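Engineer: What follows is a single structure, and I will ask about it in a moment.
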Amino acid sequence: MTGYAQARAEQDGWAVRVSVKSVNHRFLDLKLRMPEGFDLYDLRLRQIVREKIHRGHVEVSVNVEPGKAAPVQVNRELVQAYLKAAEALRQETRAATDMDVVALLRLPGVITGVTTAMPETEGEQERLGRVLDIGLRDALAKLDDMRRAEGRHLVEELRDRLARIGGHVEQVRGLLPHCVRRSRGAWIASSRNCSAVWASIRRGLLRRRRCLRNAAISVKN
């Protein structure tokens, strides 16, 4: 069955958001998407999914938000280019303005993104792994609830259709004696018509035979 679920877990200074989407398939086809550099948890999360789901196309997306501020990547070369262009424009126009650093950071391409850093120590990595486990198991539980609800809906729909089919069967069963009587009457009427036609043919043949016999007698005399 198809389904979609999302869960969020926060613990030990980490916030994790996990989404799971599944569609019907004969075998388990699992795709796992995580932030770059988090391959350490790939096998761990795949094993959790295999414990809960055995068939279907399953897509798991994991987003990790660090508990501490991550370093901001600033394109300093581009910043210098913006500053030189602004200074040249100020000299040409003789405008007396001060540079707004916040406005500078908002210019396109200055900030290239915020990175999610992998924990450095094994203890921190294990704590993050537990948060990932919690988020994934919660999302899988919600997915199972959604699939069960869909299954119950399908059962109710099938029962409703079977009830309607049963009602149509009873209607046909009630009309059956009438249909049999009509068919029997039509068969009798058809038989009578055939008998009348055959009798008419026989009379015609007898008349033709008598005419031939009388003609033969006339020829002899």
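The values are calculated or read from the model by the stated rules, or taken from the named source; none is laboratory data. None of the values given here were measured: they were computed from a predicted structure. For neighbour counting, all protein chains shown are included, and Cβ atoms are generated from backbone atoms with ideal geometry for every residue, glycine included.
Engineer: Taking interchain pairs and intrachain pairs at least six residues apart, which have beta carbon atoms under 6 angstrom, with the first residue in region 8-37 and among the aromatic types (Phe, Trp, Tyr) and the second surrounded by 14 or more Cβ atoms within 10 Å (Cβ to Cβ) and not in a loop (DSSP other than H, G, I, E, B)?
Structural biologist: Within 6 Å, the pairs are TRP14/LEU128; TRP14/VAL131.
Engineer: Do you know which of the residues in region 1-18 that are assigned to a loop (DSSP other than H, G, I, E, B) and loosely packed, with under 15 Cβ neighbours inside 10 Å is nearest to the chain's Cα centre (by Cα)? Explain how you work it out, then say what you get.
Structural biologist: We begin by selecting, within region 1-18, every residue assigned to a loop (DSSP other than H, G, I, E, B); these are 1-2, 12-13.
In the following step, the residues that additionally are loosely packed, with under 15 Cβ neighbours inside 10 Å were identified as 2, 12-13.
Working: THR2: 5, ASP12: 36, GLY13: 35 Å.
If we take residues in region 1-18 being assigned to a loop (DSSP other than H, G, I, E, B) and loosely packed, with under 15 Cβ neighbours inside 10 Å, then THR2 is nearest to the chain's Cα centre (by Cα).
Engineer: Also, quick follow-up: Across region 19-49, which residue is farthest from ARG127 (Cα to Cα) among those that are of a type outside the set (A, V, I, L, M), surrounded by 11 or more Cβ atoms within 10 Å (Cβ to Cβ) and within 19 Å of the chain's Cα centre (by Cα)?
Structural biologist: Among them, the one singled out is HIS25.
Engineer: Would you pick out the residues in region 119-139 that are among the small types (Gly, Ala, Ser) and in contact (Cβ under 8 Å) with a residue 24 or more places away in the chain?
Structural biologist: Of region 119-139, the ones among the small types (Gly, Ala, Ser) are 123, 129, 135, 139.
Scanning region 119-139 gives GLY129, GLY135, ALA139.
Engineer: Now, a different point. Identify all residues within region 79-111 that are modelled with pLDDT under 80 and hydroxyl-bearing (Ser, Thr, Tyr); write none if there are none.
Structural biologist: Selection gives THR93, THR97.
Engineer: Within region 63-78, can you find the residues that are of a type in the set (A, V, I, L, M), out of contact with any Pro (no Cβ under 7 Å at 6 or more places or on another chain) and either over 24 Å from ARG106 (Cα atoms) or modelled with pLDDT under 80 (or both)?
Structural biologist: Scanning region 63-78 gives ALA69, ALA70, VAL72, VAL74.
Engineer: Right, next: Give all pairs with beta carbons closer than 6 Å in which a residue from region 143-169 that is outside any helix (DSSP H, G or I) meets a residue that is of a type outside the set (D, E, K, R); count only pairs at least 6 apart in sequence or on separate chains.
Structural biologist: The qualifying pairs do not exist here.
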